[in-house]
Amino acid sequence: MRIALYQPDIPQNVGAMMRLSACMGAGLDIIEPCGFAWDERKIRQSAMDYIDRTDLVRFESWENFRATRKGRIVLMTTKASVPYVDFAFQKDDILLAGRESSGVPDYVHAAADGRILIPMRPGLRSLNIVNATAMILGEALRQTDGF
């Protein structure tokens with residue numbers, strides 16, 4: 001199982017996602033361009049020593065990512081109608097998180113094999129991207145005996 005970040009905006013979230021990825025044994029793909037200059041020192045501050053234990057792959061574009069990665073793309077989005085606990089995950093799924101500021105464009109939505117959400121209280125927009133991914137990854141690993 002892999003996590004993919006589509007053009008992330010916040011380097012600290014990338015670092016925290018590296019920690020999640022390393023601890024849970026899920027690979028991490030970064031689909032560029034990022035909304036920040038890639039500064040390994042800043043990212044390392046958040047990721048700490050976990051950065052060296054992360055299966056990290058950076059892709060220069062969405063097209064490059066799509067041409068290289070195999071497996072179902074499962075988009076984590078507030079625009080979905082299927083709660084993540086009702087989704088049947090597979091071991092080779094790629095959990096795709098959109099850009100913190102704007103999500104993903106329509107062509108990425110269209111390319112997703114599945115779209116899932118975390119049900120929340122009315123009137124609230126979204127969780128932090130790392131917190132949301134941790135919840136969904138935990139369920140996906142539970143379903144697929146990923147531990």
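The values are calculated or read from the model by the stated rules, or taken from the named source; none is laboratory data. These numbers come from a predicted model, not from an experiment. We place every Cβ from the backbone using ideal geometry, glycine too, and count neighbours over all the protein chains shown. For accessibility, only protein heavy atoms count, side chains too; no ligands or nucleic acids. Shrake-Rupley method; radii C 1.70, N 1.55, O 1.52, S 1.80 Å.
Structure notes:
- Hey, MET135 under 17 Å from ALA22 (Cα atoms) and of a type in the set (A, V, I, L, M, F, W, C) or not: yes
For (1) at pLDDT 95 or above; (2) open to solvent by less than 20 Å² (accessible area, probe 1.4 Å); (3) farther than 20 Å from ARG115 by Cα, each residue gets a yes or a no:
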site	(1), (2), (3)
ILE3	yes, yes, no
GLY15	no, yes, yes
PRO33	yes, no, yes
PHE36	no, no, yes
LYS42	no, no, yes
GLU63	yes, no, no
THR78	no, no, no
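- ALA134 meets the stated requirement of being among the small types (Gly, Ala, Ser), open to solvent by 30 Å² or more (accessible area, probe 1.4 Å), in a helix (DSSP H, G or I) and touching a helix residue (DSSP H, G or I) at 6+ places or on another chain (Cβ under 6 Å).
- Scan the range 44-61 for residues that are more than 24 Å from GLU139 (Cβ to Cβ), polar (S, T, N, Q) and modelled with pLDDT of 85 or more and the total you get is 1.
- Within the span defined as the range 93-102, every residue fails to be modelled with pLDDT of 95 or more and farther than 21 Å from ILE30 by Cβ.
- For the range 90-101, the set of residues classified as open to solvent by less than 80 Å² (accessible area, probe 1.4 Å) and free of Cβ contacts under 8 Å to residues at least 60 places away in the same chain is empty.
- Yes/no for ALA140 being within 13 Å of the chain's Cα centre (by Cα), surrounded by 12 or more Cβ atoms within 10 Å (Cβ to Cβ) and touching a residue at least 24 places away in the same chain (Cβ under 8 Å): yes
- Residue match in the range 130-145 (condition: within 22 Å of GLY25 (Cα to Cα), modelled with pLDDT under 95 and not basic (Lys, Arg)): yes
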